[in-house]
Amino acid sequence: MRAPVTCRAAGAHARIAAPQQPLDISLGGMRIYASEEVRSGTRLELELFLGEGGSVPCTVEVVWVEKLPPSAPARFDVGLRILVISDADRRRLRDVVDDAEELP
């Protein structure tokens, strides 16, 4: 599901992907495009921007990586599982995801 969330990688892996809206997001994880290959099992620090709701830091794990064809908008399609997020931030993310589900 698409929600009004933008994410960016932080720390040592900041270069793997440009800030972007996840292709699919839920409370359990998200799907993003990456410009550099990252291996399954890699942990990344992400910051999720919730529009007027501020930002939410979280730790994610790469669960799958698919190389995309040259005509695609990025080199890799990447599935991420959210591992670490505070309870308060999870509630804020849930509110944004729930609001997006209600849109036609």
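Regarding Ser71, is this residue closer than 18 Å to Thr6 by Cβ, loosely packed, with under 14 Cβ neighbours inside 10 Å and of a type in the set (Ser, Thr, Tyr)? In short, no. Filtering segment 16-33 for residues that are farther than 14 Å from Val97 by Cα, hydrophobic (A, V, I, L, M, F, W, C) and assigned to a strand (DSSP E or B) leaves a non-empty set. When Ala88 is tested against (1) modelled with pLDDT of 90 or more; (2) outside any helix (DSSP H, G or I); (3) of a type in the set (A, V, I, L, M), just one condition goes unmet, and that condition is (2). Filtered by the rule that a residue be assigned to a loop (DSSP other than H, G, I, E, B) and closer than 22 Å to Lys67 by Cβ, segment 34-53 gives Ser35, Glu36, Glu37, Val38, Arg39, Ser40, Gly41, Thr42. So which residues in segment 58-104 are of a type in the set (Lys, Arg) and in contact (Cβ under 8 Å) with a residue 60 or more places away in the chain, if there are any at all? Of everything in segment 58-104, those that are of a type in the set (Lys, Arg) and in contact (Cβ under 8 Å) with a residue 60 or more places away in the chain turn out to be Arg90, Arg94. The listed residues are Ala9, Ala34, and the only one of them that is small (Gly, Ala, Ser), within 10 Å of Val78 (Cβ to Cβ) and buried (at least 16 other Cβ atoms within 10 Å of the Cβ) turns out to be Ala34.
The residue of segment 37-47 that is surrounded by the fewest Cβ atoms within 10 Å (Cβ to Cβ), among those that are free of Cβ contacts under 8 Å to residues at least 40 places away in the same chain and touching a Lys or Arg at 6+ places or on another chain (Cβ under 8 Å), is Glu37. Gly51 meets all of the listed conditions (1) surrounded by 14 or more Cβ atoms within 10 Å (Cβ to Cβ); (2) closer than 11 Å to Val5 by Cβ but one, namely (1). Listed conditions (1) in contact with a Pro (Cβ under 7 Å, 6 or more places away or on another chain); (2) modelled with pLDDT of 80 or more are all met by Gly51, apart from (2).
The values are calculated or read from the model by the stated rules, or taken from the named source; none is laboratory data. Keep in mind that what you see is a predicted model, and the values were worked out from it rather than measured. Neighbour counts are summed over all protein chains in view; Cβ atoms, including those assigned to glycine, are modelled from backbone coordinates with ideal geometry.
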